[in-house]
1. With every protein chain kept in place and ligands, DNA and RNA left out, what is the accessible area per residue of the chain? Probe 1.4 Å, answer in Å².
2. Once you treat every alpha carbon in the stretch 434-517 as an equal point and sum by Debye, what is log10 I(q)/I(0) at q = 0.19 Å⁻¹?
3. Contour minus end-to-end for Thr439 and Lys521, with contour as 0.36 nm per residue of separation and end-to-end as the Cα-Cα distance?
4. Please report, largest first and rounded to whole Å, the three semi-axes of the ellipsoid equivalent to the stretch 36-165, where each semi-axis is the square root of five times an eigenvalue of the C-alpha gyration tensor.
5. Given a 1.4 Å probe and every protein chain left where it sits, what share in percent of the accessible area of the stretch 479-550 is carbon and sulfur?
6. Probe radius 1.4 Å, ligands and nucleic acids ignored: give me the carbon and sulfur share of the accessible area of the stretch 13-152 as a rounded percent.
7. Among the listed pairs Lys96/Lys458; Lys463/Lys532; Lys127/Lys171, which have their C-alpha atoms separated by more than 26 angstrom in this model?
8. Carbon and sulfur together cover what percent of the accessible area of the stretch 314-472 at a 1.4 Å probe radius?
Amino acid sequence: MKTAPKSTEASFPTDVPGRLVGVLFLALIPLVTLVPYAGVSISLTQNLVLRWVSAAVFLICLGVFLQPSGKIRSLRVDFPNLLLLLLSAWVLLSVKNSKEAFVSFYSFRGFLALVLWWFSLRMAWQKWPGLYPAFEKTFRWTAYFVAAWLCFYMAGRFLGIPFFLAFIERKGSFLNENIGAGFLGMGLLWMILRKLHGQAASGWGLALLFVAWAITQSRGAFVAMVVVILLYLLLHMKEFEEKMSAWKTSQWVLFGAAVLVVLACSSYTIRKLFDALEVDPRALNRWELWKSGFDMAMTQPLLGFGPGTFADVFPSYQPAAFWNAFVPAVHNEYLQTTIECGFPALLLTLLFLWYVLRETGQRVLQTPTFKQVPPEDMVSEYAFYLVILEALHNFVDFTFHEWCHRLVLLGFVTFALSRRRVAGDVEVSLDLSRRAYLTGAGVLGVFIVWALGLGGYKDFVAKIYNFNANLAYQQQELDSAEFFSNKSLSMRSDFMEPWDLLGAVADVHGERSASSPEKRKYFETAEQYYQKASQASPYSLAPLENRVHLMMVQRRLDEALDLQKELVEKAPQNPQVYVDQSDILLAMGRIQEAIISAQKAIDLDYAYVPGYLRKARAMEALGKNQDAIQVYKAIEDILKKIDKAGLADKIQQLDSYIQNLQG
């Protein structure tokens with residue numbers, strides 16, 4: 001008779017702290033997985049809840065851990081904890097070195113929450129191992145629900161039901177299909193391992209997870225899964241050979257049918273993998289992205305640019321193919337870590353990853369495939385292969401950014417480490433008096449409440465007020481936009497976006513003012529706000545662009561040109577900066593230079609219509625109408641190749657203009 005692992009037979013905690021920790025931890029997994037990404041306010045609220053819950057769970061676990069047990073307490077920090085503390089210290093140094101304090105501290109709070117979950121779960125599994133069966137059950141049913149949701153919506157799209165056509169395909173409740181594929185892949189791999197060891201694993205559930213995983217068509221998730229499966233087969237080749245050599249004909253037929261089904265479900269993903277440039281032309285851009293990312297990392301190799309700053313810094317390094325795309329991540333977690341926190345942070349991360357794989361993989365070779373194994377070996381095997389799967393996938397994506405991945409991985413890894421202790425571990429041990437121990441714990445508790453409790457709340461309020469300010473500005477409710485921006489700054493005065501929006505509000509007031517003194521006053525105020533925005537975020541281009549626009553309105557053309565040259569230096573691969581420079585030069589009457597700037601924009605993107613328009617206008621200004629006509633015809637050819645509604649009228653207008661120019 002099959003028995004469940006001994007370590008999972010413990011019951012759910014009966015004490016209040018244990019129940020609180022269990023409910024909070026387990027409730028977060030479906031919360032961060034099933035609540036769809038449906039806007040800024042939901043995302044911000046989710047982040048706040050995560051930070052508060054991480055602080056609360058850690059303080060509960062710390063309180064239980066600090067229960068009196070003598071006058072002298074020994075504080076032991078083993079190797080993974082030591083590595084994580086060193087990494088945290090280095091990330092904090094990177095934050096202090098960052099030129100964008102608000103962005104970096106906001107990202108650091110997210111990292112701090114992750115670190116607290118690591119320590120909380122390590123304490124929790126030691127005290128309440130009975131939480132583990134509930135964790136597995138929560139993960140399994142969450143994965144089932146996600147898979148069913150994805151299949152349900154895809155079926156609706158296939159049938160052409162209008163309601164379902166409104167949803168983005170292949171992503172389910174996730175931000176994108178790669179994140180969904182990574183989560184479903186973890187569930188699929190975990191179920192396969194359970195099935196191989198004779199543990200309870202529904203065949204229908206396994207099929208559901210596989211179909212949903214295949215629907216995502218994520219190449220990165222597919223390659224990572226294939227590598228992990230091949231590794232498993234290689235490590236257990238002899239067992240599989242012995243098992244398959246005893247198969248009967250019917251079993252081989254079933255196996256062949258299963259392989260055909262797997263290949264059929266994965267066929268489009270395989271085609272995307274081998275015909276990447278035909279199916280998805282953007283695939284080639286990934287190499288350019290990584291090359292630019294490496295250049296960024298080499299610019300600040302020690303401390304990086306600061307956590308969370310990639311999106312603001314990247315425009316200064318971006319290749320021409322990305323000029324019109326918002327790129328929040330480099331699609332490689334290891335490279336992004338290096339860019340934002342330096343090569344030492346990458347080294348500590350790799351050391352941590354190596355230790356986890358070493359500890360969880362020590363008995364992988366000795367763990368039989370088709371037999372039940374001791375609980376600690378089985379859980380270690382889960383953790384080992386899940387970590388490899390996630391580590392491989394994050395070479396080409398950024399799935400570990402998502403809390404649905406983080407919580408599941410932390411759950412398996414920390415529980416696996418709690419089941420075994422390897423002799424000879426590197427650790428630091430300090431003997432402290434009870435007073436020193438409690439004082440240190442009190443200081444730590446105050447820091448966590450300040451950083452994640454109060455700090456998380458102020459971040460949340462600042463971002464929500466800024467979100468409301470932007471909505472008001474879009475609706476031309478300038479007074480409301482100004483009110484919300486000031487409210488946001490009252491929470492975080494180093495937040496760039498509200499300063500920039502206040503400048504835009506003053507700019508609009510100035511343009512609408514009738515009297516010259518009032519107009520001048522508003523424009524001066526707008527410039528002050530834009531300068532404060534640039535001080536808060538020196539890497540951001542938006543405040544500089546807004547200042548150039550303001551100077552153009554005021555006819556301060558020489559100053560505008562000097563500032564535009566600074567923008568060109570910051571984003572040399574962005575054709576728009578050359579178009580704006582051409583506008584300024586045209587306004588100054590420097591026509592030949594305007595043509596040169598417009599041509600640079602065209603050289604960067606041969607289909608960039610604004611570059612052609614500036615060049616044609618400059619040609620007209622020189623009286624070279626025939627040359628201008630040729631440029632306008634080039635624009636016409638570009639527009640005809642673009643299959644987009646509304647362009648027919650523009651082409652007709654362009655035809656009329658060319659005819660007038662010829663006449």
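The values are calculated or read from the model by the stated rules, or taken from the named source; none is laboratory data. Bear in mind that the values here come from a model prediction, so they are computed numbers and not experimental data. Backbone-built Cβ (ideal geometry, glycine too); neighbour counts: all protein chains shown. Accessible surface areas use protein heavy atoms only, side chains included; no ligands, DNA or RNA. Shrake-Rupley method; radii C 1.70, N 1.55, O 1.52, S 1.80 Å.
1. Averaged over the residues of the chain, the accessible area is 48 Å².
2. Rounded to two decimals, the profile gives -0.80.
3. Values: separation 82, 0.36 × 82 = 29.52 nm, distance 5.46 nm.
Contour length minus Cα-Cα distance gives 24.1 nm.
4. Values: eigenvalues 276, 116, 30 Å².
Computed over the stretch 36-165, the values are 37, 24, 12 Å.
5. 47
6. 71
7. Numbers: Lys96/Lys458 19 Å; Lys463/Lys532 18 Å; Lys127/Lys171 37 Å.
With Cα atoms farther than 26 Å apart: Lys127/Lys171.
8. 66
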